[in-house]
Amino acid sequence: MAQLIGQLTEQQLVQALVAAGYDSAAVHLYTEKLISRRDRMVLDLGLAHEIPPLRPKGVDRTFSYDPLVDGPVTIVVSGGLGFEVRIPAGKDRIVRGRLISDR
């Protein structure tokens, strides 16, 4: 199971969160959380020689993100369609690694 999870790319994690209906701030925060957990699992199980971490220097737990300032999350839908999907900004933002709903 760990090897299967280790095969997930950052783009696939983002696409899964977008498909689940999260807004831009939640997608950013949960992507970092999932990457952190994936990388920790790979290291804890001694699989780093097979599966490289997505964040070799570790996840920045104090990052900030405001979709109204930094722009919303966008993904490119492949499969021959090749169009871009822009995720709603929503009312949340991230301040020093914490999801804030204050708008």
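Values as computed for the structure displayed
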item	result
Failed item, numbered, when VAL76 is tested on (1) hydrophobic (A, V, I, L, M, F, W, C); (2) within 29 Å of MET1 (Cβ to Cβ); (3) out of contact with any strand residue (DSSP E or B) (no Cβ under 7 Å at 6 or more places or on another chain)	(3)
Neighbours by Cβ (under 7 Å, 6+ apart or cross-chain): first from region 51-68, under 16 Å from ARG37 (Cα atoms) and free of Cβ contacts under 8 Å to residues at least 60 places away in the same chain; second of a type in the set (A, V, I, L, M) and surrounded by 13 or more Cβ atoms within 10 Å (Cβ to Cβ)	ILE51/VAL42; PRO53/VAL42; LEU54/ILE35; ARG55/ILE35; VAL59/ILE35
Pick from region 60-92, criterion surrounded by 15 or more Cβ atoms within 10 Å (Cβ to Cβ) and among the β-branched types (Val, Ile, Thr), ranking: farthest from SER24 (Cα to Cα)	ILE75
For PRO67: the one exception among (1) in contact with a helix residue (DSSP H, G or I) (Cβ under 7 Å, 6 or more places away or on another chain); (2) at pLDDT 95 or above	(2)
Subset of region 10-39 (residues that are of a type in the set (S, T, N, Q) and in contact (Cβ under 8 Å) with a residue 12 or more places away in the chain)	GLN11, GLN15, SER24, THR31, SER36
Verdict on PHE83 being more than 30 Å from MET1 (Cβ to Cβ) and aromatic (Phe, Trp, Tyr)	yes
VAL59 of a type in the set (A, V, I, L, M, F, W, C) and either in contact with a strand residue (DSSP E or B) (Cβ under 6 Å, 6 or more places away or on another chain) or assigned to a strand (DSSP E or B) (or both)	no
Among residues of region 1-59, those that are surrounded by fewer than 13 Cβ atoms within 10 Å (Cβ to Cβ), closer than 17 Å to VAL77 by Cα and among the small types (Gly, Ala, Ser), counted	3
Selection count where residues are more than 8 Å from the chain's Cα centre (by Cα) and within 19 Å of ARG98 (Cα to Cα), scope region 22-46	7
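The values are calculated or read from the model by the stated rules, or taken from the named source; none is laboratory data. In this text the structure is predicted, and so the values were computed from the model without any measurement. So basically every Cβ, Gly included, is an ideal-geometry build from the backbone, and we count neighbours across all protein chains shown.
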